[in-house]
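Data block below; observations after.
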Amino acid sequence: MNSDEIWNEIYKKHGFRAKYPDENLIRFISTKFRNVPDKKSLKVLDLGCGPGRHIIFLANQKFSVYGIDASETAIKMAKNFIEENNITADIRISEMPPLPYENDYFDLIIDCASIQHIKVDKMNRIFSEIYRILKTGGMFFSIIRSMDDYISSSKQIANNTFFNLDDNTGEIHLFDEAEIRSLLKNFTELNIEHETRTFENMSKKRCNWIIAAKK
């Protein structure tokens with residue numbers, strides 16, 4: 001079963017999984033864009049948009065919103081979610097990389113735990129594509145798992161890449177700080193934070209990098 005098939009099965013089985021936007025994204029948007037008077041003029045792309053929880057949030061914040069996902073099931077769910085919420089967004093089925101957009105097209109690109117599922121041999125290319133389609137001065141926001149995450153105890157199938165179908169994560173790459181800095185070396189500004197939380201009565205630990213970069 002390839003990655004697309006795995007995620008189609010996950011979405012069919014579990015539906016939305018998470019319906020509400022990530023609090024780190026909310027904090028980023030409220031901090032960086034609260035004083036922007038005309039958000040509609042800003043184009044925002046949600047990488048791996050899934051069933052659309054961040055599409056809805058960004059559209060309600062008055063951005064011009066785009067989204068891509070490789071899962072046909074997820075895109076169908078997102079289109080239904082968009083229609084139910086009476087908003088407008090340009091979403092499509094697409095593998096990544098490449099990213100099907102022109103150079104210098106977006107003001108903001110977000111990745112909430114999507115890039116981490118790309119095969120490691122494509123990692124340099126996806127970050128190059130993000131840089132290519134961002135406008136000068138545009139921003140990239142990302143939430144990706146770190147090596148301290150509980151997934152690191154799963155079956156390792158490649159360098160810092162693990163497979164855990166039981167937790168519905170499929171193939172996932174865990175990042176260290178040096179790798180992040182290398183992948184984002186062309187950006188003019190880079191801010192990296194790390195967060196850790198426990199769940200299931202402290203039996204597991206979720207560890208994320210929170211990244212904001214400016215082209």
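Identify all residues within the range 187-215 that are in contact with an Asp or Glu (Cβ under 7 Å, 6 or more places away or on another chain) and closer than 12 Å to Gly138 by Cα; write none if there are none.
Listed by number, the residues that qualify are Ala213, Lys214.
Looking only at the range 142-161, count every residue that is in a strand (DSSP E or B) and touching a Leu at 6+ places or on another chain (Cβ under 7 Å) and tell me the total.
Within the range 142-161, residues that are in a strand (DSSP E or B) and touching a Leu at 6+ places or on another chain (Cβ under 7 Å) number 2.
Looking at (1) buried (at least 17 other Cβ atoms within 10 Å of the Cβ); (2) touching a Leu at 6+ places or on another chain (Cβ under 9 Å), can you tell me which one Asp104 breaks?
Checking Asp104 against (1) buried (at least 17 other Cβ atoms within 10 Å of the Cβ); (2) touching a Leu at 6+ places or on another chain (Cβ under 9 Å), the one that fails is (1).
Determine if the range 107-126 includes at least one residue that is hydrophobic (A, V, I, L, M, F, W, C) and at positive phi. Even if it seems obvious, please write down each step before you answer.
First pass over the range 107-126, keeping only residues hydrophobic (A, V, I, L, M, F, W, C): 108-110, 112-113, 115, 118, 120, 123, 126.
Cutting the leftovers down to at positive phi gives us 113.
Yes; the residues of the range 107-126 include at least one that is hydrophobic (A, V, I, L, M, F, W, C) and at positive phi.
Take the residues of the range 181-197 that are out of contact with any Phe, Trp or Tyr (no Cβ under 9 Å at 6 or more places or on another chain) and assigned to a strand (DSSP E or B): which is surrounded by the most Cβ atoms within 10 Å (Cβ to Cβ)?
By that ranking, first place goes to Leu190.
Out of contact with any Asp or Glu (no Cβ under 8 Å at 6 or more places or on another chain), surrounded by 14 or more Cβ atoms within 10 Å (Cβ to Cβ), closer than 19 Å to Met139 by Cα and not polar (S, T, N, Q): does that describe Phe127?
yes
Specify the residue that is farthest from Asn160 (Cα to Cα); the eligible residues are those in the range 96-136 that are among the basic types (Lys, Arg) and not in a helix (DSSP H, G or I).
Initial filter on the range 96-136 (among the basic types (Lys, Arg)): 119, 122, 125, 132, 135.
Those still in the list that are not in a helix (DSSP H, G or I) too: 119, 135.
Details: Lys119: 11, Lys135: 31 Å.
Per the stated criteria, the residue is Lys135.
Restricting the range 116-155 to residues that are among the β-branched types (Val, Ile, Thr) and in contact with a strand residue (DSSP E or B) (Cβ under 6 Å, 6 or more places away or on another chain), which is nearest to Glu177 (Cα to Cα)? Steps first, please.
So the first thing to find is which residues in the range 116-155 are among the β-branched types (Val, Ile, Thr), and the list is 118, 120, 126, 130, 133, 136, 143-144, 151.
Next cut, in contact with a strand residue (DSSP E or B) (Cβ under 6 Å, 6 or more places away or on another chain) only: 120, 130, 133, 143-144, 151.
On the way: Val120: 16, Ile130: 19, Ile133: 24, Ile143: 13, Ile144: 11, Ile151: 17 Å.
Once the filter is applied, the top-ranked residue is Ile144.
Please work out which residue is nearest to Phe127 (Cα to Cα), limiting yourself to the range 33-61 and to residues that are of a type in the set (Lys, Arg) and surrounded by 15 or more Cβ atoms within 10 Å (Cβ to Cβ).
Lys43
Can you name the residue in the range 71-119 that is under 15 Å from the mean Cα position of the chain (by Cα) and of a type in the set (S, T, N, Q) and, of all such residues, is farthest from Phe141 (Cα to Cα)?
Out of the qualifying residues, it is Ser71.
Is the range 19-31 home to any residue that is modelled with pLDDT under 90 and either within 16 Å of His54 (Cα to Cα) or touching a strand residue (DSSP E or B) at 6+ places or on another chain (Cβ under 6 Å) (or both)?
The answer is yes; a qualifying residue exists.
Quick one: how many residues across the range 19-38 are farther than 28 Å from Ser71 by Cβ and not in a loop (DSSP other than H, G, I, E, B)?
3
The values are calculated or read from the model by the stated rules, or taken from the named source; none is laboratory data. In this text the structure is predicted, and so the values were computed from the model without any measurement. Using ideal geometry, Cβ is built from the backbone for each residue, glycine included, and neighbour counts are taken over all protein chains shown.
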